[in-house]
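See below for the structure under consideration.
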Amino acid sequence: MTLPGTATQYRIREAAESELDAVGRLTYEGFGHHLPGAPEPAPDRLELLLDAASRAREGVLLVAEDAADGGLVGTASLLPFGSSLARQALDGETELRLLAVLPQARRSGIGWRLLAESANLAQATGASGLVLDTGADNERSQQLYRRFGFVRRPERERPRPAPKVQLVVYTLDLAGYQAA
């Protein structure tokens with residue numbers, strides 16, 4: 001795997017407890033809800049986006065930190081099978097949820113670095129695979145996941161009632177994964 005762009009000015013690490021409110025806001029903004037004209041998420045989705053403390057308690061909450069100024073620009077949540085926040089993980093899998101990068105930091109390789117650290121951590125815990133889902137219309141994210149090595153699993157996708165966004169499911173087999 002080759003890292004697209006340059007993300008050397010960013011450090012991927014676990015979020016500190018003192019940063020949880022900021023990570024919640026970063027997640028909200030990373031999904032673009034703060035942009036003019038963007039729709040506000042449903043109340044349960046808004047709660048999930050802002051509640052970084054629950055994600056940290058249930059699993060590993062990663063952040064991408066700008067080495068130059070210490071600002072947080074990205075995040076991802078790793079959740080074990082059985083977590084109340086996991087919705088796709090099967091026994092033996094780790095679930096990646098809420099990977100978000102601030103709009104101004106996109107296309108810098110941060111998403112790739114968050115994926116790599118997530119795969120490394122999941123593999124280190126003995127997980128057989130890493131699973132995630134994303135909106136069916138989120139082609140940009142799906143391209144990133146496919147380039148990284150994730151494979152779409154339509155057999156694991158379930159219809160959702162409107163107005164919920166339809167989800168597509170991707171997995172990464174960690175048996176053959178080489179740590180990035």
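The values are calculated or read from the model by the stated rules, or taken from the named source; none is laboratory data. Remember, predicted model here, so these are calculated numbers, not experimental data. With ideal geometry, Cβ positions are generated from the backbone for all residues, glycine too; neighbour counts draw on all protein chains shown. We work out accessible area using only protein heavy atoms, side chains counted, and drop any ligands, DNA or RNA first. Shrake-Rupley method; radii C 1.70, N 1.55, O 1.52, S 1.80 Å.
A few remarks follow.
- Over the chain, accessible surface divided per residue gives 52 Å², non-protein components excluded, 1.4 Å probe.
- Cα-Cα separations in the stretch 31-98 greater than 18 Å, expressed as whole percent: 48 percent
- Using a probe radius of 1.4 angstrom, the carbon and sulfur fraction of the accessible surface of the stretch 64-180 is 51%.
- Prolate/oblate/rounded call for the stretch 77-180, Cα gyration tensor, a/c under 1.5 rounded: oblate
- Distances between placed amide hydrogens fall under 5 Å for L85 paired with no residue 5 or more residues away or on another chain.
- With the highest mean first, a sort of the peptides 137-145, 94-102, 154-162, 81-89 on other beta-carbon atoms found within 10 angstrom per residue produces 94-102, 81-89, 137-145, 154-162.
- Note on Cα Rg over 2.2 N^0.38 Å: of the candidates [x] 0.97; [y] 1.52; [z] 1.06, the value calculated from this structure sits at [x].
- Potential lengthening of the chain between D137 and S18 amounts to 39.4 nm, from the contour at 0.36 nm per residue minus the alpha-carbon distance.
- Per-selection metrics, the stretch 140-180 (Cα): Rg and Dmax in Å: 12.7, 39
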